[in-house]
Amino acid sequence: MSNEIGNKKIDKLALVIGHIYGDGGITSKGRIHYCNSEDFLIKEFVSSMSKVFEVKPWINKEPNVTRIKYRVEIGRVLWSIFGKFSSGKDTKIITKEIQNMPLKWKIKMLRAWFNDDGSVSKYGVVAIKQKLKPLILFIKETLDELQIKSQIMEDHGKWLLRICGYENLVKFRDKINFSKGYRKAKALNEIINNIKNPHFQMKNRILELLKDSPKTRKELATSLKIELGTIYGHLHGWKRKIRKSNLGLIDLGLVKIKKEGRINVYSVQC
């Protein structure tokens, strides 16, 4: 098997690497293994692998879990690209190759990782737990790059990272999220929609419109049937001398602005 893989296929491997950090691994000889009790995640892993490697996995379906294995040559190809990020029990590390991957690639990797190891509580907290501290620190550093605030704490011999607060939950959903159609993505969206905060609910509606296509302030105001000044405040924030100022979607890193002639056009920040 050739070790030469194009950039497009390397991009598709982001989900694979995320799942290996999650409920998978690579043995010391190079055999890839992955197990999960949810068919959605099993299908996502197999589908992601098939987009790069034209080989069939060994699949063992047990009553409560499905186990998958791939031959050692594939694991060694991954090592040649990403370094030995997993090579046996409790050996997972963040290699310099993975550390240097583009942010967009890391986002896709984290999505698969959160699919496996992440959780959404009814109290409005997205969390992920890891046994090895360097892994949780890498996750936090990537979240910091995306301006998503999180906290790390020790929890029964493991490391727990928590994301909470409406603003951070929205950022996580819009920048990383769980896979589309997965139950955790649905749960997160339901929690966000149920938060009783009209100020942020309007911001959420603006984001939904901008996801469809870039728009001007006038277009947003017309769609939402609110004043231009209110749209400006949600985008650029309200600066007050006496009362507390509120950050806008641009300040929060969720929306970007582009000048087209004399008109400002707004779009979702990638």
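If you go through region 107-138 and pick out every residue that is small (Gly, Ala, Ser), in contact with a strand residue (DSSP E or B) (Cβ under 8 Å, 6 or more places away or on another chain) and touching a residue at least 12 places away in the same chain (Cβ under 8 Å), you end up with 4.
Screening Ile231 with (1) in the same structural domain as Leu252 (by TED's automatic domain parsing); (2) part of a helix (DSSP H, G or I); (3) more than 21 Å from Arg262 (Cα to Cα) gives one miss only, at (3). Only one of the numbered conditions (1) at positive phi; (2) not assigned by TED's automatic domain parsing to the domain that holds Ser150 is not met by Ile81, and that is (1). In region 95-146, counting only helices (runs of 4 or more DSSP H) that sit wholly within it, the ones holding 1 or more residues that are within 23 Å of Val65 (Cα to Cα) and modelled with pLDDT of 95 or more span 103-117. Residues in region 148-169 that are buried (at least 18 other Cβ atoms within 10 Å of the Cβ) and within 15 Å of Leu207 (Cα to Cα) were compared, and the one that is farthest from the chain's Cα centre (by Cα) is Tyr166. In region 36-49 there is at least one residue that is buried (at least 20 other Cβ atoms within 10 Å of the Cβ) and acidic (Asp, Glu). Restricting Phe172, Phe200 to those that are part of a helix (DSSP H, G or I), more than 12 Å from the chain's Cα centre (by Cα) and aromatic (Phe, Trp, Tyr) reduces the list to Phe200. Here is the figure for region 177-194: residues that are without any contact (Cβ under 8 Å) to a residue 24 or more places away in the chain and of a type in the set (S, T, N, Q) total 3. If you go through region 65-93 and pick out every residue that is in contact with an Asp or Glu (Cβ under 9 Å, 6 or more places away or on another chain), surrounded by 17 or more Cβ atoms within 10 Å (Cβ to Cβ) and assigned to a loop (DSSP other than H, G, I, E, B), you end up with 1.
Here Ile98 meets the list (1) loosely packed, with under 13 Cβ neighbours inside 10 Å; (2) touching a residue at least 24 places away in the same chain (Cβ under 8 Å); (3) β-branched (Val, Ile, Thr) almost entirely, failing just condition (1). Taking region 45-64 as the range and being in contact with a Lys or Arg (Cβ under 8 Å, 6 or more places away or on another chain), assigned to a loop (DSSP other than H, G, I, E, B) and of a type outside the set (A, V, I, L, M) as the test, the residues that pass are Lys51, Pro57. Residues in region 1-46 that are farther than 20 Å from Ser87 by Cβ, modelled with pLDDT of 95 or more and either in contact with a His (Cβ under 9 Å, 6 or more places away or on another chain) or hydroxyl-bearing (Ser, Thr, Tyr) (or both): Asn36, Ser37, Leu41, Glu44.
The values are calculated or read from the model by the stated rules, or taken from the named source; none is laboratory data. Bear in mind the structure is a predicted one, so any value in this text is a computation, not a measurement. Positions of Cβ are generated from backbone atoms using ideal geometry, with glycine treated the same way; all protein chains shown enter the neighbour counts.
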